[in-house]
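Values quoted throughout were computed directly from the atomic coordinates according to the rules given, and no laboratory measurement underlies them. Predicted model only: the values in this text are computed from it and were never measured. So basically every Cβ, Gly included, is an ideal-geometry build from the backbone, and we count neighbours across all protein chains shown.
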Amino acid sequence: MATTFTIDPVTRIEGHLKIEVTVDTVDNQQQVVNARSCGVMFRGFEKILINHDAFDAPIISQRICGVCPVSHATASCLSLENAFGATPPANGRILRNLILGANYIQSHILHFYHLAAMDYINTQGILDMAPWTPRFITPDMISGSLAQTLVSHYVQALAIRRKVHQMGALFGGKLPHPASFMPGGCLDVPSTEKPAAFRVLLDEIKQFIDTVFVPDTQALKDLFPQYSEIGRGCGKLLAYGVFDLNDAGTSKLLARGRYNGTSIEPLDPAVIAEDVKYSWFSSPSGLNPSVGETEADRYKEGAYSWTKAPRYNGQVYELGPLARMWVNGDYRNGISVMDRLLARALEAQKIAYAMDSADHTSGWLNELSVGAPSYSKPTIPTVPNPLNGIGLTEAPRGALGHWSTISAYIPAGSTTAKGKILRYQVITPTS
Amino acid sequence: MRLSRRDFLKIAGAAGITSVLPLDLIQKAMAGSGDPRVIWLQGQSCSGCSVSLLNSVKTTTIDDILLNKINLEYHSTLIAAAGDLAIKGALGPHPNLTELGAFENQWLMEGTELKFDLDKDGRVNLVDFNALCRQGYILVVEGSIPAEDAACPVKFCDIGGHLSMEEAFSILSQKADKIIALGTCACYGGIPHAVPNPTGAKGVSDKLIELGYSKPLINIPGCPAHPDWFVLTLLKVLAGQTVTLDSKGRPAELFGDSSSQKVHAKCLFHPSRWPGTEPPKAETLGDYGCLETLGCKGKNTWSNCPVLKWNSGSPGQNGVNWCVEARTPCCGCVEPDFPDGKTPFITGS
């Protein structure tokens with residue numbers, strides 16, 4: 001007999017999620033026969049952005065997610081710069097990398113210690129109060145002195161991730177929801193003092209990553225060998241790539257590409273589509289986001305989620321730190337629950353050292369040029385009309401894309417071209 | 001009125017209430033250190049206000065708050081539990097409707113009739129249980145509350161356990177001692193409320209009016225809310241101090257109505273800070289100077305951002321940066337008309 005298990009709500013995530021899994025015995029073997037991932041919250045950002053001034057987009061769209069707002073701001077700037085044919089000055093590109101990198105590291109630390117680790121540690125006798133109780137405890141969870149050590153790292157990680165945000169705010173204005181991201185670069189500038197302050201914080205953060213974060217994820221991988229065998233997913237990995245290393249964006253710290261199960265292949269954004277057959281939208285299914293629609297329909301038959309289902313050439317791909325590290329050739333040990341945790345920690349380490357090398361002689365901080373501009377406001381072209389832009393980047397949890405369509409026209413009595421948002425479509429990694 | 005755990009067990013034991021409800025269940029319901037209870041509901045939020053709170057350090061840190069100041073009983077991003085355990089809250093048998101009714105009538109009556117939402121297995125869920133048993137909690141709301149269609153099984157925002165955000169807010173707000181709306185979405189609707197407001201989103205104060213409830217409410221807006229705004233206010237509430245509110249329901253000392261409390265008045269480019277000379281003016285975006293002609297909303301925004309700043313590094317210290325210091329026009333994120341009344345955010349050349 002088929003049994004359906006429901007986890008509602010799924011907690012320790014950003015957003016509102018319900019999981020339904022149906023298990024049945026087929027051909028004498030018990031197996032999952034159906035699984036539904038249900039996004040159960042809708043706001044309608046893609047509708048709200050329409051008719052706004054194009055320059056409102058980075059500020060509004062980053063509010064989609066309070067954990068990865070910097071990624072949304074980045075995708076929005078890249079999309080508009082693509083539409084306008086604009087390229088930020090080198091300082092702007094580097095400052096955006098530094099702020100984005102800071103947010104990656106805080107998100108990775110938050111993910112491991114404050115969201116995921118609770119699933120592996122028996123905190124009874126250590127944290128016997130809300131919000132850590134009530135909770136599920138299983139016999140194989142880590143207990144004793146190691147559990148105490150990991151809980152102390154949970155508390156230490158709270159302070160470290162705060163410092164990572166402080167580091168990013170030096171150039172972002174504030175975090176979460178940075179101020180300084182605009183199409184054309186970064187509005188804040190590198191003074192002589194700020195890179196030095198950034199470096200002091202980064203050194204402490206690197207030490208935490210090297211001596212606590214990476215060893216803890218490795219220890220977990222060793223302690224739970226069974227979790228290196230499960231959670232293999234679809235076996236296909238995709239990354240839009242992130243952290244541009246040149247102004248043209250052709251070189252990235254983490255490359256663009258996809259792993260089809262056997263080889264690394266290039267990525268063609270034209271074959272990305274969003275299915276909505278099971279989503280509460282009346283819009284056509286299978287649209288490329290450059291012509292995407294978001295028409296809510298709560299009464300749609302057979303639908304069960306507010307999230308759309310993105311596909312690459314009709315196929316499902318896994319996204320995230322493991323996908324990025326795999327595509328880039330930095331981690332190819334396996335695809336599993338534990339490989340995802342370890343790849344995430346190693347990615348945090350890679351980003352931290354790309355910001356500033358161990359001996360402080362190379363890296364993004366050193367590439368900043370004090371006194372040189374970090375921002376150049378784009379002129380909005382008047383042709384073609386409309387202007388279309390694609391902004392592909394990565395959120396900590398995976399590939400993130402913003403597709404924008406902007407009107408190009410010259411208002412009467414003005415010589416300044418202005419753009420209004422005609423269409424705005426976002427594919428988040430979690431969908 | 002709030003019963004302490006000890007008070008409750010005393011009277012419950014004396015009156016033999018344990019024959020009505022299993023003692024272990026009562027103990028579970030009353031579990032915790034006795035710290036003030038906080039239930040944190042996330043509606044149409046991005047969790048940015050929760051992430052911002054994690055950055056708290058100037059007044060005190062988040063671990064101090066969680067370990068020593070409050071009992072955070074429900075917060076979907078931070079709680080260890082999930083699924084039924086998160087919502088129902090008790091591992092033991094759940095009381096039925098009759099038992100809960102008797103329990104309420106005998107011990108916790110306050111003259112209002114509670115309605116219970118029985119979930120599909122006929123048991124009372126945690127939200128009801130909280131509303132009934134757990135007197136004296138502070139309800140924190142993050143995110144806006146959409147307008148659901150009672151006739152439609154599909155909701156714009158479910159919080160789990162067959163409860164929509166609208167239902168959960170309706171139940172939990174009735175019995176809360178005090179409500180704190182955290183962030184502009186919870187205070188005034190924020191971005192989900194912006195034209196065309198696809199989900200009929202509202203902030204807490206408008207929702208309370210719609211429900212006909214009168215509850216002590218403190219608005220702490222911001223996109224996100226500054227952690228110190230929340231922590232300072234929470235500590236005042238816990239200490240039983242009066243929080244004086246401005247005309248928009250915000251702590252007056254942090255936001256306020258007077259012209260001297262405007263972002264413009266406190267800004268580093270205000271003429272009062274440039275004696276004998278004109279403050280520099282930014283001609284184009286990216287320039288150093290006053291951003292008034294480039295879209296800055298500092299003259300129509302009341303907050304202490306320019307002084308407090310953001311992302312402090314240590315106790316007692318102000319933050320390291322803020323929007324205008326990062327050469328970005330203030331976008332007015334703490335005001336009720338954010339974002340519709342504050343856009344376009346960028347103007348001029």
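Here is how the numbers come out for the structure above:
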quantity	calculated
Inter-part distance where the stretch A:56-71 and the stretch A:178-216 are each reduced to a Cα centre, Å	19
Qualifying lysines (Cα of each under 19 Å from Cα of A:Lys221; at least 8 residues distant if same chain)	none
Global geometry of chain A, whether rounded, prolate or oblate, following the gyration tensor of its Cα atoms and the 1.5 cut on a/c	oblate
Residue mean of other protein chain beta carbons inside 10 Å, B:156-167	4
Prolate/oblate/rounded call for the stretch B:134-237, Cα gyration tensor, a/c under 1.5 rounded	oblate
Distant-in-sequence amide H partners of A:Leu400 (H built 1.01 Å from N, under 5 Å)	A:Tyr240, A:Thr393, A:Glu394, A:Ala395
Highest-MSF residue in chain A out of A:Ala179, A:Ala239, A:Ala159 [GNM, Cα springs under 10 Å]	A:Ala159
Of A:Thr217, A:Thr138, A:Thr87, the one that fluctuates the most in a GNM where chain A has Cα springs shorter than 10 Å	A:Thr138
Average partner coverage of B:39-45, which counts Cβ from other chains inside 10 Å	3
Highest average packing first - A:335-343, A:292-300, Cβ atoms within 10 Å	A:335-343, A:292-300
Value of relative contact order over chain A, rounded to a whole percent, pairs C-alpha under 8 Å and six or more apart	22
Inter-part distance where the stretch B:221-261 and the stretch A:247-290 are each reduced to a Cα centre, Å	45
Backbone HN-Hα couplings from phi across the stretch A:3-10 [Karplus 6.51/-1.76/1.60, Hz, Gly and Pro as x]	10, 9, 9, 10, 10, 8, x, 7
Most mobile listed residue (A:Pro178, A:Pro131, A:Pro284) in chain A, GNM with C-alpha springs under 10 Å	A:Pro131
Helical segments meeting 20 Å axial Cα length and Kyte-Doolittle -0.5 threshold in chain A (DSSP H)	A:69-84, A:90-109, A:144-172, A:193-208, A:337-355
Between the stretch A:82-140 and the stretch B:274-323, the alpha-carbon center distance in angstrom	29
Three-way shape call for the stretch A:341-398 based on the alpha-carbon gyration tensor, with the a/c threshold at 1.5	oblate
Packing-based ranking, highest mean first, of A:143-149, B:141-147, A:368-374 given that Cβ atoms within 10 Å are counted	B:141-147, A:368-374, A:143-149
Two-decimal Rg to Rh for the stretch A:1-41 - Kirkwood Rh, Cα set	1.11
Reciprocal of mean inverse Cα separation for the protein assembly as shown (Kirkwood radius, Å)	27.0
Residue-averaged 222 nm ellipticity for the protein assembly as shown, from DSSP H runs of 4+ at -39500 (n - 2.57), nearest 500	-8000 deg cm²/dmol
